[in-house]
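Single-structure report; data block below.
The values are calculated or read from the model by the stated rules, or taken from the named source; none is laboratory data. Nothing here was measured: the structure is a model prediction, and the numbers come from that model. Because the Cβ atoms are built from the backbone with ideal geometry, glycine has one as well, and the counts that use them run over all protein chains shown.
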Amino acid sequence: MPSIDASFSTAQTVSVHGRRVSFLKAGEGPLLLLIHGMAGTAHNWEPVIEPLALHNTVVAPDFPGHGESEPGGGDYSLGSLASGLRDLMISLGHERATLVGHSLGGGVALQFTYQFPEMVERLVLVSSGGLGPEVGAILRAAALPGADLFIRATSRPGAIAGGLISNAAGKIGLRPNADLAEVGRAYASLSDADRRKAFLSTLHAVVDTDGQRVAALDRLYLAEDLPVLIVWGERDPIIPVGHGRAAHAQLPGSHLEVFPDVGHVPMMESPGRFAAVLQRFLDDTEPAEFDGAQWRARFSAK
């Protein structure tokens, strides 16, 4: 696949409820909403925006307090983040979208589908949160009391160390693992007080020292008529691939793609394959049409 020109997408902002929301946008066609993960930004999607924008309107927003978006009002729960995405869509003039959520973004996409099912055409879960309790030790450690002080003291030195490691690897012809590179970048961003506060508030809403606090497993049946694609890296060290396989088993009509030798960020580690798999899913499925009566009937059936 040819190299991706990051300038292909344009960074834009819009005011939603008086707060600046930043997003990348490219292309024309049905809306593809790309939702980043914990401590991430819209730029996590840059390697795949150009090919996806050939046939879609691609919008990749920054969550409140992440990237260039202003901090929110203090509520960083999944429900609040999902409502924020709904409000952004409305502000941009869109009524429906295919949701593509990575990690935390997958949990937000699940919550969005639960809250606003009439606005969802398809659901794509990438190394998604919200599908089981297990989560990597690095996030459980960040949920410990006093983590704020530790992160404040080490995030800037960590950024310097991460840069040295990347430079050294480049000099000997090695490409740093995208998982390692992304963890280092995300950690370095926490030297900023507002981003650190947003990260910790978001983290505490979904993770504690025992693992993930929220799960959508008991509500997956509500998405049984929705086109669903699940993408995971076989070597994911943050959220185990077993979560994706279990979700696929609960949704017999879903599509599962497991990338060998890939970790937690498939769209960065294997962008060509990721974009091809996603576009093929879009081409091979029809957008769901929401049926309110059928939706309500599912509640009484369980």
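Do we find a residue being touching a helix residue (DSSP H, G or I) at 6+ places or on another chain (Cβ under 6 Å), farther than 28 Å from residue 79 by Cβ and without any contact (Cβ under 8 Å) to a residue 40 or more places away in the chain anywhere in the stretch 262-280?
Yes; the residues of the stretch 262-280 include at least one that is touching a helix residue (DSSP H, G or I) at 6+ places or on another chain (Cβ under 6 Å), farther than 28 Å from residue 79 by Cβ and without any contact (Cβ under 8 Å) to a residue 40 or more places away in the chain.
Can you tell me which of (1) surrounded by fewer than 21 Cβ atoms within 10 Å (Cβ to Cβ); (2) over 16 Å from residue 214 (Cα atoms) is the one residue 140 doesn't meet?
Every listed condition holds for residue 140 apart from (2).
Scan the stretch 210-228 for residues that are closer than 19 Å to residue 37 by Cα, in contact with a Lys or Arg (Cβ under 8 Å, 6 or more places away or on another chain) and surrounded by fewer than 23 Cβ atoms within 10 Å (Cβ to Cβ) and jot them down.
If the condition is that a residue be closer than 19 Å to residue 37 by Cα, in contact with a Lys or Arg (Cβ under 8 Å, 6 or more places away or on another chain) and surrounded by fewer than 23 Cβ atoms within 10 Å (Cβ to Cβ), then 211 is the only one that fits.
Scan the stretch 66-83 for residues that are surrounded by fewer than 20 Cβ atoms within 10 Å (Cβ to Cβ) and not polar (S, T, N, Q) and report the count.
Selection size over the stretch 66-83: 7.
If we scan the stretch 130-138, do we find a residue that is in the same structural domain as residue 259 (by TED's automatic domain parsing), within 18 Å of the chain's Cα centre (by Cα), farther than 22 Å from residue 265 by Cα and not basic (Lys, Arg)?
No, the stretch 130-138 contains no residue that is in the same structural domain as residue 259 (by TED's automatic domain parsing), within 18 Å of the chain's Cα centre (by Cα), farther than 22 Å from residue 265 by Cα and not basic (Lys, Arg).
Any chance the stretch 51-65 includes a residue that's at pLDDT 95 or above, assigned to a strand (DSSP E or B), surrounded by 22 or more Cβ atoms within 10 Å (Cβ to Cβ) and β-branched (Val, Ile, Thr)?
yes
Consider the stretch 117-175. How many of its residues are β-branched (Val, Ile, Thr) and either within 30 Å of residue 286 (Cα to Cα) or at pLDDT below 60 (or both)? Before the answer, list the steps.
Applying the first criterion (β-branched (Val, Ile, Thr)) to the stretch 117-175 yields 120, 124, 126, 135, 138, 151, 154, 160, 165, 172.
From what is left, the residues that are either within 30 Å of residue 286 (Cα to Cα) or at pLDDT below 60 (or both) are 120, 124, 126, 160, 165, 172.
Matching residues across the stretch 117-175 total 6.
Tally the residues that are closer than 21 Å to residue 267 by Cβ and in a helix (DSSP H, G or I), restricting the search to the stretch 90-117.
10
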